[in-house]
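Student: Got a structure for you, written out below as structure tokens; questions coming shortly.
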Amino acid sequence: HLSKNGPATLPADVGELRLLETLNLNGNRLRELPSSFGRLGAVVTVGLGANRLTALPHNIGGLRSLRTIQLGENRLATLPESIGACSGLEDLGLAQNLLQCLPRSVSSLTRLRSLVLAQAKCAALPCEVGKLTALLQLELSGSKLEALPAEICELAALLSLRASDCRLVTLPEQLGSLSALQTLRVDGNRLARLPPTVGRLQWLKELWAGGNALASLPPSVGLLSQLRVLGLSSNQIETLPTQLCACARLERLLVDDNRLHRLPDELEQLEACRELGLS
């Protein structure tokens, strides 16, 4: 462990540590990694967050045992195509970098469970992201995304999709195919509507869509039988669908800062509701 010790470089022969399994270099001043880094074939966990890295070695794919790599808070603008050779990778943290896009080789990371791209510069995700069928968490908040690829709806194992404070204008029409989804955060975007298929998210517990331009909700929202939280603050909603009363487990309904004149009488059936935001 060398985290927060301040080294700006690593020894050129660091790759000779053939038995190394954990390498923690978070919070230093590293600007580059030696080419021998790609020869750390036994390393399982790598922490390189909060450094000054602008690139990764082209042979990063040599880390065949890698399961977790944290690269947040660096200056990475690209990832090498060889990252796809890290076929056992489960956790890829890339928050707060300068990434414009992901390489198509990410489609080979079929064991990936968590992908964090928060506050990256990406304006789009490659369609290959749909091949990450083991993915459980996708964190995109604060990026420059204007749309989500339709292929994202193929992530049948996904539990959490967070895309707050991006530039999203629409959501994929087949969003309801994310059959395992429990948390959906799309607050702080430019959405004018939610796709009707949202009602097929049968395990959804939290839906945050505040700070958009929604004028209404699809009636299918009433099919969300597991929903606990519905955040709709700061939109342009004039009426709520009466079908919402079927969300028997709803505990928090936040509709403040909208254009509502009255609530449907049917909402009195929401007996589990503990918080109602109407200011």
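Student: Restricting the search to region 214-257, which residues are of a type in the set (D, E, K, R) and touching a Ser or Thr at 6+ places or on another chain (Cβ under 6 Å)? Step through it out loud before you land on a result.
Tutor: From region 214-257, those of a type in the set (D, E, K, R) are 228, 238, 249, 251-252, 256-257; that's our starting set.
Scanning region 214-257 gives ASP256, ASP257.
Student: In the list SER141, SER114, SER82, which residue meets the criterion of being open to solvent by 20 Å² or more (accessible area, probe 1.4 Å) and in contact with a strand residue (DSSP E or B) (Cβ under 8 Å, 6 or more places away or on another chain)?
Tutor: SER141
Student: Would you be able to tell me the number of residues in region 200-210 that are small (Gly, Ala, Ser) and over 13 Å from LEU230 (Cα atoms)?
Tutor: Counting residues in region 200-210 that are small (Gly, Ala, Ser) and over 13 Å from LEU230 (Cα atoms) gives 0.
Student: Another question, if that's okay. May I ask you to say which residue of ALA12, ALA42 is in contact with a helix residue (DSSP H, G or I) (Cβ under 7 Å, 6 or more places away or on another chain) and aliphatic (A, V, I, L, M)? Before the answer, list the steps.
Tutor: Details: ALA42 fails: in contact with a helix residue (DSSP H, G or I) (Cβ under 7 Å, 6 or more places away or on another chain).
Sole residue among the options that is in contact with a helix residue (DSSP H, G or I) (Cβ under 7 Å, 6 or more places away or on another chain) and aliphatic (A, V, I, L, M): ALA12.
Student: While we're looking at this one, here's another question. Going by what's in this entry, would SER164 be described as touching a residue at least 24 places away in the same chain (Cβ under 8 Å) and within 16 Å of CYS127 (Cβ to Cβ)?
Tutor: On the way: touching a residue at least 24 places away in the same chain (Cβ under 8 Å): yes; within 16 Å of CYS127 (Cβ to Cβ): no.
Answer is no for this residue.
Student: Can you tell me how many residues in region 39-52 are open to solvent by 10 Å² or more (accessible area, probe 1.4 Å), outside any loop (DSSP other than H, G, I, E, B) and not β-branched (Val, Ile, Thr)?
Tutor: 1
Student: Filter region 53-72 for residues that are of a type in the set (S, T, N, Q) and more than 13 Å from GLY93 (Cβ to Cβ); which is most open to solvent (accessible area, probe 1.4 Å)?
Tutor: Just the residues of region 53-72 that are of a type in the set (S, T, N, Q), to begin with: 54, 59, 65, 68, 70.
Right, trim to more than 13 Å from GLY93 (Cβ to Cβ) and you get 54, 59, 65.
Working: THR54: 81, ASN59: 43, SER65: 40 Å².
In this case the residue turns out to be THR54.
Student: Still on this model: In region 161-182, is there at least one residue being outside any loop (DSSP other than H, G, I, E, B), closer than 21 Å to GLY72 by Cβ and in contact with a Leu (Cβ under 7 Å, 6 or more places away or on another chain)?
Tutor: Among the residues of region 161-182, at least one is outside any loop (DSSP other than H, G, I, E, B), closer than 21 Å to GLY72 by Cβ and in contact with a Leu (Cβ under 7 Å, 6 or more places away or on another chain), which makes the answer yes.
Student: Among the listed residues LEU79, LEU2, LEU66, identify the single one that is in a loop (DSSP other than H, G, I, E, B), of a type in the set (A, V, I, L, M, F, W, C) and either at pLDDT below 95 or in contact with a helix residue (DSSP H, G or I) (Cβ under 7 Å, 6 or more places away or on another chain) (or both).
Tutor: Testing whether each residue is in a loop (DSSP other than H, G, I, E, B), of a type in the set (A, V, I, L, M, F, W, C) and either at pLDDT below 95 or in contact with a helix residue (DSSP H, G or I) (Cβ under 7 Å, 6 or more places away or on another chain) (or both) leaves just LEU2.
Student: Could you list all residues from region 123-135 that are assigned to a loop (DSSP other than H, G, I, E, B) and either among the charged types (D, E, K, R) or buried (at least 17 other Cβ atoms within 10 Å of the Cβ) (or both)?
Tutor: If the condition is that a residue be assigned to a loop (DSSP other than H, G, I, E, B) and either among the charged types (D, E, K, R) or buried (at least 17 other Cβ atoms within 10 Å of the Cβ) (or both), then LEU125, PRO126, LEU132, LEU135 are the ones that fit.
Student: One residue is enough: does region 85-102 have a residue meeting the conditions at positive phi and of a type outside the set (Gly, Ala, Ser)?
Tutor: yes
The values are calculated or read from the model by the stated rules, or taken from the named source; none is laboratory data. As the structure is a computational prediction, the values presented were derived from the model and not from experiment. Positions of Cβ are generated from backbone atoms using ideal geometry, with glycine treated the same way; all protein chains shown enter the neighbour counts. Heavy atoms of the whole protein, side chains included, go into the accessibility calculation; ligands, DNA and RNA do not. Shrake-Rupley method; radii C 1.70, N 1.55, O 1.52, S 1.80 Å.
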